[in-house]
1. Quick query: amide H of His363 versus all other amide H atoms, modeled in the peptide plane; which residues come in under 5 Å with a sequence gap of 5 or more or a different chain?
2. Arg268 to Gln215: extension gain in nm, 0.36 nm per residue of separation minus the Cα-Cα distance?
3. Order these peptides, 383-390, 209-216, by their mean beta-carbon neighbour count within 10 angstrom, highest first.
4. Between Ala40 and Leu92, what is the spin-label point distance in nm, taking each point 7 Å from the Cα along the Cα→C-beta axis?
5. Would you mind pulling out the separation of the Cα centroids of region 29-74 and region 129-187, in Å?
6. Looking at the calculated P(r) for region 12-196, what percent of the C-alpha pair distances fall above 19 Å?
7. So how do 135-142, 270-277 stack up, highest first, on mean other-Cβ count within 10 Å?
8. Over all directions, average the projected area of the Cα convex hull of region 132-237 and note it in nm².
Amino acid sequence: MQPPSRPSLPDPCAGEPAPDAPDGIEHRQIVYRVLFDRPATARRLAAVAGACRFVWNEMLDQQAQLYDMARMCGAKPPAPTFFTLGKAFTQLRRVTPWLQAMQYVPVRYTLKYQTDAWRRFFRGEGGRPRFKRRGRDSVTIPQDVRIRDGKLYFPKIGWLQLRRRGGNPYPDAEPVQAVLKRVNGKWMATVCYAVAAPARPDDGTVTGVDMNVGQVAVSDGRRARLLHAPDSRRLVARIRRYQRRLARQRRGSRRRERTRRRLARTQRRVAQRRRNWQHQVSRSLAGGTVTVEALRTRAMTASAKGTAEAPGRHVRQKAGLNRDRAILATGWGGLRTMLAYKAPRLVAVDPAHTSRTCAACGHADAASRRNRANFECVACRHADHADLNAARNIRRRGLARLHGEERSHSATPATRETDRRLAA
Ligand SMILES: [Zn+2]
């Protein structure tokens, strides 16, 4: 059994960018609300999504046992493949009659997500795959997506009405994949379209971008500046208040339900604001080449918790900081994705020591980074805002990469894709 040949749309819960597309084609994701003609239709969709969750959890249970057993014996844990999971899935279907009645293709696609999740885990790019809870279900139509007259066809269920303000911006594009997901009791469909890649004129500039909590630093070679994210502190405080209230309220009560709705609405507002801002920023930067730091994998990131042998310092303070970060600073992935499709070229460079290297003399020393905001080189006394200094370094590394490519004549069309993948 081969994995589906279609590009895989990432799990929408993971918040990942759209998959790579062949040359001249790009994938764009559009989110629609799904409306049902009657409650029974929604229940049938929920049943398929429930089957996906069931398969995910069963497979995960098996794989987790294999993993733990191997670890206990000191052996190398086996990495599941689409093939091995496929065999286990066939077995599971054999002993689970109700599963046989479910739509085969969408349910089997769960295996693809699980294979990817384990692969990311083994590469150190993600945490250990987790069990899925009821209530946040999703189901994927991985191929042969049919959309007609604003309706999406779901196998064995029928045509589902899609609604979106502004309609479909790509009415002529081919839908490649659709992920249906229940958010706060409402069904949303993320449809991935294959669209012709627009021409992106390159104005020749090279910009370095350093992303930090609440702001990005940008250097275009002449000057460097800070772009501040919208101030959402009041909304974040409100989110905290709702969360505390929610913790006190009795489960299943009407008051609790009201708090939950308000919390969700406030969270949406924060996300929406951030998204708008990211669109503005990415638009303003996307005239030429944009350089960002390649994402740090788990192995590269020293966590605040530290290890059992070397526990981290300031764990408590960092825990508090991280809570706010979790609300405020998630979603640089969004900005990266936007830059990847708006800029003529996105280069991802090695992130090591960008914040402790002097942009003036190149001396690298942790002591030069005086504190969060201030950089003063211990060698040449050059002083700058720490993030601006980092943005200059990132730009310089981007330039080095570009020049290196020119010398080796390796600036092939593939480079852009590679860079995108690196950036993703
Ligand atoms: Zn210096």
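The values are calculated or read from the model by the stated rules, or taken from the named source; none is laboratory data. Since we're looking at a predicted model, the values are computed, not measured. Glycine also receives a Cβ, built like all others from the backbone with ideal geometry; neighbour counts cover every protein chain displayed. Accessible surface is based on the protein model in full, side chains and every heavy atom, while ligands, DNA and RNA are left aside. Shrake-Rupley method; radii C 1.70, N 1.55, O 1.52, S 1.80 Å.
1. Sorted by chain and number, the residues that satisfy this are Cys358.
2. Difference between extended and current length: 17.1 nm.
3. 383-390, 209-216
4. 2.9
5. So the separation of the two Cα centres works out to 16 Å.
6. The calculated P(r) of region 12-196 puts 62 percent of pairs beyond 19 Å.
7. Values: 135-142: 20.6, 270-277: 15.2.
Listed from highest to lowest mean packing, they are 135-142, 270-277.
8. Projected area, direction-averaged: 11.7 nm².
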